[in-house]
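Reviewing the structure listed below.
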Amino acid sequence: MLRMKPAVRYTVVAADPRAHLFAVTCTVGRPDPAGQGFRLPSWLRGSYLVRDFAKHVQDLRAQAGGKPVVIERLDKRSFRCAPVKGALTIEYRVYSYDESVRKAYLDTRRGFFNASSLCYCPAGCEQGGFEIEIRRPEDALCRGWRLATTLKAKKIGKDGFGVYVSPDYEDLIDHPVELGDFERIDFDVDGIPHALVLAGRYELDRERVARDLAKICHVERELFGQQPKLDEYLFLTNVVGAGYGGLEHRSSTALICSRNDLPRPGESKLGKDYRGFLGLCSHEYFHLWNVKRITAQRFLQSDLGAEAYTRDLWHYEGVTSYYDDLFLLRAGILDAAGYLDVVAENATRLQRTPGREVQTLADASFEAWIKYYQPDENTPNATVSYYVKGGLAAMCLDLTLRLESSVTLDDVLRALWVRYGARGIGVPEGGLEAVAQELSGLRLAPRFDRWLRSTAELPVAALLAEFGVEARVRAAISESDAGGRASGEPPRAYTGLKLRAGDTRVAQVLAGGPAARADVSVNDQLVALDGLRITAGGWAAQAGRLTPGRAVTLQLFRGDELIDRPLVPSAPPADTWTMTLAAARGPSLRRRKAWLGV
């Protein structure tokens, strides 16, 4: 139990689950005599979009000594109360029906919140002690609810409801809270309690998932010498019909996954869905270091009111994306061939993104606030993912270091941890680049310029060849071919468009492809191809049988107007990567064994 005298005290109640409303009070014992200000964050660390949490606040009022206090609005997220004598209390409700991991959610099945969505911070009290009491809901449909969080407990019941404390506001908003009749699967990692907390409906091999997560967490902690020490770590997971994502925190992560992502009892194979779930857990756990502690100086300087710009998101998200699957290999969950399939899938995603020839990694990082988190139909043509290309750039850096120096990317990350993360110091712009050059003694600036600050292709195949891995690009054999090992013949023709699932409306038109040249647009409703009806289920086969270079008439509705367009399909492009272990000996074999273990 942690004891401190709080400067600020909150009470949070799941007041009306049927209307999705949390009720919040905030009491400041010694308010500013000139008038106490309050503000909510506009974004939260790890998710780079201004979300304006204050828009969900309603019924705001203030009182002191039992009398109402005048509130003056300052801007969209801030207000100030009139001067008072004695303690000041504000009260309000927050509409909470966002099932993502970024805001707050409440109904009669479960509740969840990040305090950044619920708790106004009193100005001037950011470093003071905070106390938050989370009360059990009274709704009869919420009987049996419990609470899970890594906030420090002060006085709580067996069900977890009660009083928690935080030393400062940053700590308060970095511990998400799960409420409901959830399941908790506990496991140990190097003497530290860990748990998978699951809300929703699912079938699950509990022993398998606990065993696999323990292996992944162990190899990640080993990289950093078992630091930092934690009291516990929670994977707070909302299981839904279809969903995928996560958000990192200091000693927990909030996840959303699909039911099919979890391993059922009796299943022994590592399917793609379960592999993806473990990769997500690995990714968010690695953020415990890379983002939560090894973090950009510009993020640390932000008060979360406006955008905080950096060109290094490729470092924080891309490097993490490289390691998330690599740790599945190191933990013995993936073998080398399976790991190379994952790399091939990521390289395929990049190859199929025309935007890689438009936007650099550095610009993708800088423009995340307006582009990555606000995609539209043209996103694949205009942008590149700092997750996908960033992960492949990190692999290229690691292989280059292994090939030309005595250090690896592991050494670079450990140095960043010692210099910045363990000391609570923000990493300056280009910090990873500088440390990599310093430790390796290599002149890496020209390569970083090509990989990060130009749209040049990454030297994936050439570098892999030095490690006994054959990488080649081929045509896809079907719409579901995402890369990796595959067999079969590709379709004869390619149109360069994608339809919405279960529909004949166009979801995406790839730049430079046959559909783009034929003046096909997103949301067009395809009707017929050379007079033959187009169906959602039959489009892929129908288009695949066309003859490259031979024009056909595509009929479609744009709005309510029926129009004809001449479509000239092309041969399927080589946009799908396969990576396999090649015959290797001597230096390439030694390098491969050091990297992949084979």
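The values are calculated or read from the model by the stated rules, or taken from the named source; none is laboratory data. Predicted model only: the values in this text are computed from it and were never measured. Backbone-built Cβ (ideal geometry, glycine too); neighbour counts: all protein chains shown.
For segment 331-342, which residues satisfy the criterion of being more than 18 Å from the chain's Cα centre (by Cα), part of a helix (DSSP H, G or I) and surrounded by 20 or more Cβ atoms within 10 Å (Cβ to Cβ)? Walk me through how you get there before you give the answer.
Filtering segment 331-342 down to residues more than 18 Å from the chain's Cα centre (by Cα) leaves 331-341.
With part of a helix (DSSP H, G or I) added as a condition, the list becomes 336-341.
Within segment 331-342, TYR339, LEU340, ASP341 meet the criteria.
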| Unmet requirement for TYR309, which otherwise passes all of (1) under 26 Å from VAL197 (Cβ atoms); (2) not in a helix (DSSP H, G or I) | (1)
| field | Residue that is surrounded by the fewest Cβ atoms within 10 Å (Cβ to Cβ) [pool: residues in segment 577-598 that are of a type outside the set (Gly, Ala, Ser) and over 34 Å from the mean Cα position of the chain (by Cα)] | value | ARG585
| Among (1) at pLDDT 95 or above; (2) within 30 Å of ASN523 (Cα to Cα); (3) surrounded by fewer than 22 Cβ atoms within 10 Å (Cβ to Cβ), where does TYR386 come up short? | (3)
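With respect to PHE224, determine if the residue is hydrophobic (A, V, I, L, M, F, W, C), touching a Lys or Arg at 6+ places or on another chain (Cβ under 8 Å), in contact (Cβ under 8 Å) with a residue 24 or more places away in the chain and more than 22 Å from ARG293 (Cα to Cα). Don't jump to the end; show me each part of the working.
Working: hydrophobic (A, V, I, L, M, F, W, C): yes; touching a Lys or Arg at 6+ places or on another chain (Cβ under 8 Å): yes; in contact (Cβ under 8 Å) with a residue 24 or more places away in the chain: yes; more than 22 Å from ARG293 (Cα to Cα): no.
No: the conditions fail for PHE224.
State all residues of segment 108-152 that are of a type in the set (Asp, Glu) and surrounded by fewer than 18 Cβ atoms within 10 Å (Cβ to Cβ); if no residue qualifies, say none.
Here is the first cut: in segment 108-152, the residues of a type in the set (Asp, Glu) are 126, 131, 133, 138-139.
Residues satisfying the conditions are GLU126, GLU133, GLU138, ASP139.
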| note | The strands (runs of 3 or more DSSP E) lying wholly within segment 426-544 that contain at least 1 residues that are outside the structural domain of ASP341 (by TED's automatic domain parsing), modelled with pLDDT of 95 or more and of a type in the set (Val, Ile, Thr) are 506-509, 525-529
| request: Confirm whether PHE448 is without any contact (Cβ under 8 Å) to a residue 24 or more places away in the chain and aromatic (Phe, Trp, Tyr). | output: yes
| remark: Within segment 114-155, restricting to residues that are among the aliphatic types (A, V, I, L, M) and assigned to a loop (DSSP other than H, G, I, E, B), the one that is farthest from TYR233 (Cα to Cα) is ALA123
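Picking from ASP190, ASP205, ASP212, which residue would you name as being loosely packed, with under 15 Cβ neighbours inside 10 Å and among the charged types (D, E, K, R)?
Details: ASP205 fails: loosely packed, with under 15 Cβ neighbours inside 10 Å; ASP212 fails: loosely packed, with under 15 Cβ neighbours inside 10 Å.
Testing whether each residue is loosely packed, with under 15 Cβ neighbours inside 10 Å and among the charged types (D, E, K, R) leaves just ASP190.
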| remark: Taking segment 234-265 and keeping only residues that are in a loop (DSSP other than H, G, I, E, B) and more than 16 Å from GLU178 (Cα to Cα), one is left with GLY241, ALA242, GLY243, TYR244, LEU262, PRO263, ARG264, PRO265
| task | Say whether the condition of being surrounded by 12 or more Cβ atoms within 10 Å (Cβ to Cβ), in contact (Cβ under 8 Å) with a residue 24 or more places away in the chain and among the polar types (S, T, N, Q) is met by at least one residue in segment 564-572. | result | yes
| Unmet criterion (only one of (1) in contact with a helix residue (DSSP H, G or I) (Cβ under 8 Å, 6 or more places away or on another chain); (2) without any contact (Cβ under 8 Å) to a residue 40 or more places away in the chain; (3) within 17 Å of THR25 (Cβ to Cβ)) for GLY162 | (1)
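Out of all the residues in segment 165-210, which are of a type in the set (Ser, Thr, Tyr) and either in a loop (DSSP other than H, G, I, E, B) or closer than 24 Å to ASP107 by Cα (or both)?
The first filter runs over segment 165-210 and keeps only residues of a type in the set (Ser, Thr, Tyr), leaving 166, 169, 202.
Answer for segment 165-210, where residues must be of a type in the set (Ser, Thr, Tyr) and either in a loop (DSSP other than H, G, I, E, B) or closer than 24 Å to ASP107 by Cα (or both): just TYR202.
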| task | Might you let me know whether segment 75-84 holds any residue that is surrounded by fewer than 16 Cβ atoms within 10 Å (Cβ to Cβ), in contact (Cβ under 8 Å) with a residue 60 or more places away in the chain and not in a strand (DSSP E or B)? | result | no
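Have a look at TYR105, TYR92 and point out the one that is in contact with a His (Cβ under 8 Å, 6 or more places away or on another chain), part of a strand (DSSP E or B) and either surrounded by 17 or more Cβ atoms within 10 Å (Cβ to Cβ) or assigned by TED's automatic domain parsing to the domain that holds ALA54 (or both).
Numbers: TYR92 fails: in contact with a His (Cβ under 8 Å, 6 or more places away or on another chain).
Residue meeting the stated conditions: TYR105.
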